[in-house]
Amino acid sequence: MTKETFTITGMSCANCAARIEKDLVGRNGVQSAVVNFASAELTITHDPGIIPGDTIAGLVEALGYGVIRPEPDGELTFGVRGLHCASCVNTLEKKLLEHPSISTAIVNLAAETGFVRYDPLHISAADIFSIVHGAGYTPVELHRAEMANDDGLRSQRNWFLFSLCASLPIMLTMGLHSNRAAMQLTVLLATIVQFSAGLLFYRGAWSALKNRSTNMDVLVALGTSAAYFYSLAAYFGLLGPHHDVFFETSAMLIAFIRLGKYLEARARGKASEALRKLLHLQADKARLITESGEKEVPASVIRVGDVVLVRAGDIIPVDGEVLEGGGAVNESMVTGESLPVLKKPGDLVSGATVSTNGVMRIRATRIGEATLLAQIIKMVREAQGDKAPIQKFADAVSAWFVPIVMLLSAATFAVWYGMLSSDFLTAFRYAIAVLVIACPCAMGLATPTAIMVGSGIALGRGILVKKGSALETISRLNMLLLDKTGTLTRGKPEMTDLVPVSRSVDPAKLLECLATAEAYSTHPLAESALAAAREAGVEPGSAEEFEERGGFGVTCMYEGFPLAVGNERLMTELGISLTPLAKKIGELTAAGKSLVFVAAGTALVGVAAFADTLRPGSVKAVAELHRMGISTCMITGDHAEVAAIVAQQAGVDSFEAGVMPDRKLEVVKEYQKRGMIVGMVGDGINDAPALAQAQIGIAIGGGTDVAKETGDIVLMRSDLMDAVRAIVIGRATLSKIKQNLFWALFYNILGIPVAAGLLSRYGIYLKPEYAGLAMAFSSVSVVLNSLLLKRTENTM
């Protein structure tokens, strides 16, 4: 199965999204299809051997929508800067076609774009960019969907302004029905608005009806057409003398709905601005180190293995390894960590991060779609295209919404005109108001906009939400399983105690002896001992006659006397008494620490204790989880004594000790059988089965290759407090979704009766054009309410 994402254009409401899903789901070769109305994207999992991507795009287009397809292998569309005339076009096309692996090259001067069809086995996109750069032009990667969104927003604004300017004169001539010239102008302007700015609704309605479906466009087209054509018939006297016209209703209705659509598009753009910020993080330029020296080139031409120079203030153009130099790098845009991270030779850096000081030479290890930023962008798009379980309710309501509203509109007219003996025009206006006030869009936007904003907030904190539905699931969590090593603890032992046998033994000399012996050892504790020595400014000496014995320790000669560093077995074998430190040894052992003894000659001179210490934020995180009503259980492969000590230090409710990796999966299942909603926090690779089994899997310390991580949420930093923040964001997101759904339902439940004239005896009623305005603003209000989620950032 293959997962693909298509950008869909021409959707007017949530029913459009539901119609596309309904058409695709159930087809042979389609496993799942989810359409996100808010982001205008279709995410589909399918078997390309049975139903290829081109067929899927064709099916969507047959429903009356536009499709922006992902670029297939062997085709590349890109922007070109530096084109000035037709000669530039000919020059670049000729240069591209000189390469034998390029079969087609088309350069568009007006759009400043290039299209190339090529053989991907013999030439890459980076090679093509190099050819363009060599011809004297600058290639840039083109985000077609983003451009389409910008153009769509501009178009919505222009159509609103046009319809408003055309409608205002109609409003001003409302009382001049006896003035022939004024009425002729009114008819002309109303006709222009109806079939220009209003044409969008006719197209949408026709596409829906052609596919035996209904959507918001059907309601708007019916309402505006009823007002326009009734007024037109009355104007020409077809309904008899003295019939009023109300062209202003249809014209202003279209103008107001166009205003609502424009404001909605703007608000939706703000909801997805986290993703847009990511897209703009990529560096445009890079300083490539060549044999002839330093050369500034477009970042798109850098290949794996190239060496680039990065100075203070530069955006790092690619993922790579520091070869020379060093400095501080601001990684906040990727990890959410506000403090710059010091980099030295051998360290890895990520593209789109910023060097704040120093000079570095970096060898490119990953470029293009393989970079960390590209992986994050891809996952954020997938997450925002995912459908939360609560969305099923909105989908179910939206499926029947429009037909029910049409029946209510007909019933409104029948009651007012037939049963209440009202005049035709009054009943007609109420019926139109019912049609246009009803809003399925607010229902469709309630969930996806909240998820878009919530996942964007999480991204800003270094929390990568891989599935949008995870934000709803994590909000319901009541049991969180925590892997000990690397989650609660640092994951590697540290020297916590260095105890000389007496005051006559210099601690610095004791540490020097320990480091000297361990400098030649391969034992895991040796690295921790050497790290402690380096931190204390102690350098290991040069030993002779070194011998390492597995399961015992190290013996050597140092400064003319025998030196032994190891465990209790080694000391016993050498006949060295541990009695002088017996009390301290008992205390350290009881604390679950690993001990390394140091002996010089035949006497004990000291002991070093090592432990895998808790991360700084673990205790606070566990306390916060308890405050939120979430039970915690630590899982570890260590023996029970050590597990009990760490569990007590961290403050978890319970622990499972001696758990092997394959047993972790069973522990998750056991808690699930108790009816609990279980989350698991652990290593995204080592704990993969347990993370996959849990209702919500959280991989901690995502590192630089997030695509390999298992789990629904990846914490880019090794900070357990980020798991708490993810839960806070999830709960806030679900709360906003519920608020949005309530508002959408309440609006329709209240608005439709008002539009139908049920409160007219109290002087409360709505003219159709104002009913349309209310409908338009109901969608805007839902999106704006989702944007209020951003206030959650201030509470974390």
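The values are calculated or read from the model by the stated rules, or taken from the named source; none is laboratory data. Just so you know, these numbers come straight off a predicted model, no measurement behind them. Here the Cβ is made from the backbone with ideal geometry for all residues, glycine too, and neighbour counts use every protein chain on show. Surface accessibility is based on the protein's heavy atoms, side chains included, excluding ligands, DNA and RNA. Shrake-Rupley method; radii C 1.70, N 1.55, O 1.52, S 1.80 Å.
Miscellaneous remarks
- Within the range 1-34, the set of residues being touching a strand residue (DSSP E or B) at 6+ places or on another chain (Cβ under 6 Å), in a loop (DSSP other than H, G, I, E, B) and under 13 Å from residue 65 (Cβ atoms) comprises just one member, 10.
- Top-ranked residue in the range 651-674 [being aliphatic (A, V, I, L, M), open to solvent by less than 50 Å² (accessible area, probe 1.4 Å) and at pLDDT below 90; ranked as nearest to residue 611 (Cα to Cα)]: 657
- Among residues of the range 629-642, those that are open to solvent by 30 Å² or more (accessible area, probe 1.4 Å) and either more than 16 Å from residue 730 (Cβ to Cβ) or not in a loop (DSSP other than H, G, I, E, B) (or both), counted: 6
- Residue within the range 151-171 that is closer than 30 Å to residue 100 by Cα and modelled with pLDDT under 75 present: no
- Within the range 344-364, being among the small types (Gly, Ala, Ser), open to solvent by less than 40 Å² (accessible area, probe 1.4 Å) and assigned to a loop (DSSP other than H, G, I, E, B) holds for 350, 351, 352, 358.
- Residue 367 under 28 Å from residue 35 (Cα atoms), open to solvent by 20 Å² or more (accessible area, probe 1.4 Å) and either at pLDDT 80 or above or not aliphatic (A, V, I, L, M) (or both): no
- Qualifying residue in the range 33-49 (condition: at pLDDT below 85, open to solvent by 60 Å² or more (accessible area, probe 1.4 Å) and more than 25 Å from residue 367 (Cα to Cα)): yes
- Listed by position, the strands (runs of 3 or more DSSP E) contained in the range 500-570 that have at least 2 residues being under 13 Å from residue 605 (Cβ atoms), hydroxyl-bearing (Ser, Thr, Tyr) and open to solvent by 70 Å² or more (accessible area, probe 1.4 Å) form an empty set.
- Taking residues in the range 480-497 that are on the phi > 0 side of the Ramachandran plot, and partners anywhere that are open to solvent by less than 10 Å² (accessible area, probe 1.4 Å) and assigned to a strand (DSSP E or B), the pairs with Cβ atoms closer than 9 Å and at least 6 places apart or on different chains are 486/682.
- Inspection of the range 477-485 finds a residue satisfying the criterion of being surrounded by fewer than 23 Cβ atoms within 10 Å (Cβ to Cβ), at pLDDT 90 or above and out of contact with any Pro (no Cβ under 7 Å at 6 or more places or on another chain).
For every residue, the table says whether it meets (1) farther than 25 Å from residue 527 by Cβ; (2) among the hydroxyl-bearing types (Ser, Thr, Tyr); (3) open to solvent by 40 Å² or more (accessible area, probe 1.4 Å); (4) in contact with a Gly (Cβ under 7 Å, 6 or more places away or on another chain).
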site	(1), (2), (3), (4)
590	yes, no, yes, no
605	no, no, no, no
613	no, yes, no, no
627	yes, no, yes, no
649	no, no, yes, no
676	yes, no, yes, no
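- Residues that are touching a residue at least 40 places away in the same chain (Cβ under 8 Å) and either open to solvent by less than 30 Å² (accessible area, probe 1.4 Å) or touching a Lys or Arg at 6+ places or on another chain (Cβ under 7 Å) (or both), drawn from the range 318-343: 318, 319, 320, 321, 322, 323, 334, 335, 336, 337
- Of residues in the range 1-20 being of a type in the set (D, E, K, R) and surrounded by fewer than 17 Cβ atoms within 10 Å (Cβ to Cβ), the one nearest to residue 221 (Cα to Cα): 4
- The condition of being surrounded by 14 or more Cβ atoms within 10 Å (Cβ to Cβ) and at pLDDT 70 or above does not hold for residue 136.
- From 446, 438, residue being more than 18 Å from residue 734 (Cβ to Cβ), open to solvent by less than 10 Å² (accessible area, probe 1.4 Å) and among the aliphatic types (A, V, I, L, M): 438
- Only one of the numbered conditions (1) open to solvent by less than 40 Å² (accessible area, probe 1.4 Å); (2) of a type in the set (Asp, Glu); (3) within 28 Å of the chain's Cα centre (by Cα) is not met by residue 793, and that is (1).
- Which numbered condition residue 248 fails, given (1) closer than 30 Å to residue 441 by Cα; (2) modelled with pLDDT of 85 or more; (3) of a type in the set (D, E, K, R): (2)
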